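Undergrad: Mind having a look at this structure? Questions to follow.
Only the coordinates and a few stated rules stand behind these numbers; no lab work does. Note that this is a predicted model, so its numbers are computed, not measured. With ideal geometry, Cβ positions are generated from the backbone for all residues, glycine too; neighbour counts draw on all protein chains shown.
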């Protein structure tokens, strides 16, 4: 081959020059392509990055100060996975794929720059935001005592969710150390000089309600990524010691964006560092049925719209139309009970369960009305109404921060306290049955209007009863934090609830002030009237045939053949 090249060079200098020029241009093109796939980061500054299809982007940072001992890189997307890797070709143990991913770099003594790679693993372009955060040797190293996840030093928070709860897990941290110095052993427990002195603060940050935009997430992540900003804007839920479990559960809120962050603190040096924050909407952006953008099934909207209209009627006219009120209360009582029973004992589709719930609710409403119609026991029916109000009052009590107390994570304590509140409320109905019934109509009827609004737009007030329902349906829900945000729409709905409830109670008390406490039972009235007729011979109605006999005589008269002409009907039959 060398002879061939020699002959070509000797045969013409122009050809050799062209070949050399081609090689130079090819090298320049490769270098330009490398520059185009390279993103330069500045420490502590957020950088928007777009990763092309089946491509990669090299993240580079230089001029790292000498007092920086380690650096964390975090990259966030809204719902598409991105891969962070120490190498250009990702391998197990040196890369991580997630929507919120991060890497930790322990720097060498003379290291002033570093690089890593971002890739799009699913065959689609990925866009997100990333930041590199520097820490000193005094700061604790998040995830440096990892014994569970693939990365050797893993600062990531691993999140999973279902309909009921959201769970986060993380690896233990280690105390800080200088560059080039071996870190302290993770399994040694010899006092305050080990990682067992570290503490972990769990923070929660809610995104704006009904805001599923990527811009909202990115701006919120910028507030949650840095330690000082998260402490200022987030809500601290709890503090874990190094001997506590590194797993925490929360209440799932579908459609509501939430960011979870863990800040590890070193009480001895008064320093801290942040794990990689993670976010969730407790729903899927890729699902075409009941996804994040299509939350709320049609059947649910129809069910709660009808319930809201019925609740509005009960709120203002329930006591006046007592039979309708009893039907609605019986419907709600039976529907809740059978929905829990059907869900826990069967694997039926949601729409089928909702249909069966509606059917059993109708049966329950009819049974309650017929019980009052047949036996006339107002007190028995009012006790059922009181139990419904007691359930709502108890749910409101545990919707407050009281429900997050550690003592109520025990199911026996929770259900015992919950049941006591439910049973205490109906005692008020024994002394003031009419007033208690009207108050129930106003409060419960107005709350069903709130639930109807929730079927179309998210409001946290639906979790007053939904949290109790989740705890009934999920055995492990007692471990979850039930904190939910109260934002503008919630304060508006609280105002609507209060105004409707107070208006309904006042209107009914005013209208019923001169009427009997409760309408009499039709069956009991009929029995009393029949008994009166049997015993009172002076009553003219006593000599009047019963209604069936009168109806039969009238039918016979109407069906009698026409009389011949000239005949007259006698005056006395």
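Undergrad: Starting from 0 in steps of 5 Å, tell me what percent of the Cα-Cα pairs of segment 296-511 lands in each bin.
TA: Per 5 Å bin, starting at zero, the Cα-Cα P(r) for segment 296-511 comes out as 1, 7, 13, 19, 20, 19, 13, 6, 2, 0 percent.
Undergrad: For segment 296-511, what does the relative contact order come out to in percent, with C-alpha contacts under 8 Å and a separation of six or more?
TA: Working: 262 pairs, mean separation 67.7, N = 216.
Value for segment 296-511: 31 percent.
Undergrad: Can you sort 360, 379 from fewest to most other Cβ atoms within 10 Å of each residue's own Cβ? Please list the in-between numbers first.
TA: On the way: 360 18, 379 12.
By the 10 Å Cβ count, ascending: 379, 360.
Undergrad: Take the Cα pairs of segment 102-208, get the Kirkwood Rh, then feed it into Stokes-Einstein at 25 °C and 0.890 mPa s and tell me D in µm²/s. Show your work: numbers first, answer last.
TA: Details: Rh = 16.6 Å.
Once the numbers are plugged in, D ends up at 148 µm²/s.
Undergrad: Can you pull the percent of Cα pairs in segment 343-409 with separation above 16 Å? It would help to have the intermediate numbers written out before the result.
TA: Details: 1497 of 2211 pairs.
In whole percent, the long-distance tail amounts to 68.
Undergrad: Right, something else. Starting from the Cα-Cα distance between residue 213 and residue 475, subtract it from 0.36 nm times their residue separation and give me the gain in nm to one decimal. Walk me through the intermediate numbers first.
TA: On the way: separation 262, 0.36 × 262 = 94.32 nm, distance 3.39 nm.
Length gained, residue 213 through residue 475: 90.9 nm.
Undergrad: Calculate, for residue 405 and residue 185, the FRET efficiency according to 1/(1 + (r/R0)^6) with r their C-beta to C-beta distance and R0 30 Å; round to the nearest 0.05. Intermediate results must be reported in sequence, preceding the final value.
TA: Working: r = 37 Å, r/R0 = 1.23.
Computed FRET efficiency for residue 405 and residue 185 comes out at 0.20.
Undergrad: Compute the Rg to Rh ratio over segment 401-476 from the alpha carbon atoms, using the Kirkwood formula for Rh, and round to two decimal places. Show your work: numbers first, answer last.
TA: Details: Rg = 15.2 Å, Rh = 14.7 Å.
Ratio of gyration radius to Kirkwood radius for segment 401-476: 1.03.
Undergrad: When 157, 218, 430 are ordered from fewest to most other Cβ atoms inside 10 Å of their Cβ, what list results?
TA: On the way: 157 24, 218 17, 430 12.
The fewest-first ordering by Cβ neighbours comes to 430, 218, 157.
Undergrad: Additional query: For segment 234-373, compute Rg over Rh where Rg is the Cα radius of gyration and Rh is the Kirkwood radius from the inverse mean 1/r over Cα pairs.
TA: Values: Rg = 22.9 Å, Rh = 19.4 Å.
Expressed as Rg/Rh, it is 1.18.
Undergrad: While we're looking at this one, here's another question. Report the semi-axes of the equivalent ellipsoid for segment 71-150 in whole Å, largest first, where each axis is √(5λ) for an eigenvalue λ of the Cα gyration tensor. Working shown, then result.
TA: Values: eigenvalues 106, 38, 34 Å².
The answer is 23, 14, 13 Å, longest axis first.
Undergrad: Further question: Give me the percent relative contact order of segment 383-515, please, defined on Cα pairs under 8 angstrom at least 6 residues apart. Numbers along the way, then the final one.
TA: On the way: 115 pairs, mean separation 44.1, N = 133.
33 percent.
Undergrad: When only C-alpha pairs under 8 Å and at least 6 residues apart count, what is the relative contact order of segment 444-497, in percent? Intermediate values should be presented prior to the final figure.
TA: Values: 25 pairs, mean separation 25.6, N = 54.
That works out to 47 percent.
Undergrad: Still on this structure, please answer the following. Distance between the C-alpha centers of segment 69-133 and segment 245-287? Whole Å please.
TA: The distance from the Cα centre of segment 69-133 to that of segment 245-287 comes to 19 Å.
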